[in-house]
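Take a look at the structure below.
FYI, it's all coordinate maths here, none of it is from the lab. None of the values given here were measured: they were computed from a predicted structure. Cβ coordinates were reconstructed from backbone atoms using ideal geometry, including for glycine residues, and neighbour counts include every protein chain displayed.
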Amino acid sequence: MDSQKRAFQSIDEYIATFPPDVRARLEAMRAAIRAAAPDAVERISYQMPTFAQEGNLVHFAALKDGIGFYPTSSGIAAFQDELARYKGTKGAVRFPNGEPLPLELITRIVQYRVNENLTRAARAQAKSGRRKA
């Protein structure tokens, strides 16, 4: 796993650096995010797989003992009760190896983040439109 030493150009390139079991979990995470945010763009940001739509939505990454999911502090706060069983921080959660990924929960968090980003972008657009009038 030389993932810490490389500058990745794509999510495919990132995922390919891991053993098959980790790749499978990363691909499951990617598929859930893609399904929840079909208009999002895939990219690498902070050397992690990232989905963006009107700004970054979520990041995810393979960790030594699980999969890290980074839906920003607002995504964590909105689902804090459901995420309480997992270790995490203000802006991240770790889904441990040996447990199934909570794909339905991940889907709902991503959908929340899409709505949050679209709402913020619409407000910014409305605000900038008022200035021009």
Open item on the list: With 10 angstrom as the radius, rank LEU105, LEU26, LEU57 by how many other C-beta atoms surround their C-beta, starting from the fewest.
Closed with: LEU105, LEU26, LEU57
- [ ] Give the whole-number value, in cubic angstrom per residue, of the convex hull volume spanned by the C-alpha atoms of the chain.
- [x] 115 Å³
- [ ] Could you check the simple spin-label distance between GLU99 and LYS127, using points 7 Å along Cα→Cβ, in nm with one decimal?
- [x] 3.8 nm
Task: Likely footprinting exposure, THR50, THR89, THR17, fewest C-beta neighbours within 10 Å first - done: THR89, THR17, THR50
- [ ] Could you tell me which of ALA31, THR72, ALA84 has its Cα farthest along the dipole of the chain towards the positive end, charges placed at Cβ (Lys, Arg +1; Asp, Glu -1), taken about the Cα centre?
- [x] THR72
Task: 222 nm mean residue ellipticity, helices alone, for the chain (DSSP H n ≥ 4; -39,500 (n - 2.57); rounded to 500) - done: -15000 deg cm²/dmol
Open item on the list: Let's see if you can work this out: charge +1 on each Lys and Arg Cβ, -1 on each Asp and Glu Cβ, no other charges. What is the dipole magnitude of the chain about its Cα centre, in debye to the nearest 20?
Closed with: 740 debye
Open item on the list: Run through segment 1-68 and list the trypsin sites (Lys or Arg not before Pro) located in a DSSP loop whose Cβ has at most 13 other Cβ atoms within 10 Å.
Closed with: LYS5, ARG6, LYS64
TODO: May I ask you to sort TYR14, TYR86, TYR46 by Cβ crowding, counting other Cβ atoms within 10 Å and putting the fewest first?
DONE: TYR46, TYR86, TYR14
